[in-house]
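Have a look at the structure below, then the notes.
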Amino acid sequence: MLVDQVAQTYGDGLKLPAFLQQLKPALRSLRNRYDVDQPQVAYDAPSNQAAYLLAYYPHYVRQTDRVLREAAAAHPGFASILQQPTLNATLIGSGPLPEGLGLLQACRVLGNMPVVKAISMDINAAAWSPARRITRQVIKDWMQRLAGYSKHSPLEVREQVFDLADAQPLTPEQQRSFGRQDLVIIQNCCNEVKHQPALFAKLQQILASLPCGSAFVISDFQYGATNAAIQSLLNSDVVKQHYHVLHCPQRKIPAVTAPSVLQQHLFERSNGLWARRVVKYRALCLYRHS
Ligand SMILES: C[S@@+](CC[C@H](N)C(=O)[O-])C[C@H]1O[C@@H](n2cnc3c(N)ncnc32)[C@H](O)[C@@H]1O
């Protein structure tokens, strides 16, 4: 269970109620920071990682799952990617990697359980390493509960430090790596990238490097910075010439209900500590046809 994993990893031996009470300032601070368009968050702080895993991560697993399933229902190209036996996926700005579990859940709904060879690229890739271990364990536990599948985790992860705001073009090695991907996801990240022109250029370089038959997904809350990044892609030649576009400007899904121990000891109705009821996002899903 996620709560137990988080307490074991970050709890310093505290009893669960005390650990959760102690996370309240970190959660309040995250809530305040995500209220603004370009937040600065210290993701290397263990309390911030723990609060993120409990208060945001479950909803973002669901977000990945929903975005991918909507794309698959809308276009056979997206569906065929989710039905491959092996899937190379680069997950940019993925931090604790909720995209890994969300991707597997979307594949499973389509009757598939691929081996996912993931590259987790993030400016804080090293700092998030304990949280990615939790994702691997959560996936293992999920697999144990599923009948008819191997009990081994189908997710292999390599981490890479990568800065979307780096003004340098992609290296030849990075271009080759993107050229082997079936799927690239950038979820809940673009709004944190400080240098917008560099971000727009980087996204276009990534799109130019992807192979035919691959997909690229941005999904995020309706932040001004994300909207601008999506608009820059819609206006770009690379998208107009080579990609089928599925644009979902506004979506609202129910949040995952928090377990009672979190309702009792972490969440409150006010004061920046509310439990989320809905997840709102927009998404741009691109499928490379030529
Ligand atoms: C809100 S978290 C989202 C994590 C995950 N994608 C999710 O949906 O839960 C934002 C992530 O973006 C990463 N990030 C922020 N600025 C970045 C940049 N310039 N380049 C790459 N990653 C960045 C952060 O380190 C963090 O892991």
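The values are calculated or read from the model by the stated rules, or taken from the named source; none is laboratory data. Remember, it's a predicted structure, so these values are computed and weren't measured experimentally. Reconstructed Cβ throughout: ideal geometry from the backbone, glycine too, with neighbour counts over all protein chains shown. The area values use the complete protein model at the heavy-atom level, side chains included, leaving out ligands, DNA and RNA. Shrake-Rupley method; radii C 1.70, N 1.55, O 1.52, S 1.80 Å.
Some observations on this one:
- Residue count for the range 145-186, restricted to those that are polar (S, T, N, Q), in contact with a Lys or Arg (Cβ under 6 Å, 6 or more places away or on another chain) and surrounded by fewer than 16 Cβ atoms within 10 Å (Cβ to Cβ): 0
- Taking the numbered list (1) in a loop (DSSP other than H, G, I, E, B); (2) within 18 Å of the chain's Cα centre (by Cα); (3) away from the ligand (no atom under 16 Å from the Cβ) in turn, ALA127 passes all entries but (3).
- Number of the exception - TYR287 against (1) touching a residue at least 40 places away in the same chain (Cβ under 8 Å); (2) under 22 Å from TYR34 (Cα atoms); (3) touching a strand residue (DSSP E or B) at 6+ places or on another chain (Cβ under 8 Å); (4) outside any helix (DSSP H, G or I): (2)
- Taken over the range 5-26, the criterion of being open to solvent by less than 30 Å² (accessible area, probe 1.4 Å) and either of a type in the set (Val, Ile, Thr) or touching a Gly at 6+ places or on another chain (Cβ under 7 Å) (or both) is satisfied by VAL6, PHE19.
- Any hit, the range 74-97, residues being of a type in the set (Phe, Trp, Tyr), within 15 Å of the ligand (Cβ to nearest atom) and surrounded by 18 or more Cβ atoms within 10 Å (Cβ to Cβ): no
- In the range 192-210, residue surrounded by the most Cβ atoms within 10 Å (Cβ to Cβ) [restricted to those that are within 11 Å of the ligand (Cβ to nearest atom) and over 12 Å from ALA225 (Cβ atoms)]: LYS202
- Within the range 16-66, the set of residues being within 14 Å of the ligand (Cβ to nearest atom), outside any helix (DSSP H, G or I) and either of a type outside the set (S, T, N, Q) or within 18 Å of THR257 (Cα to Cα) (or both) comprises TYR34, ASP35, VAL36, ASP37, PRO39, VAL41, ALA42, TYR43, ASP44, ALA45, TYR56.
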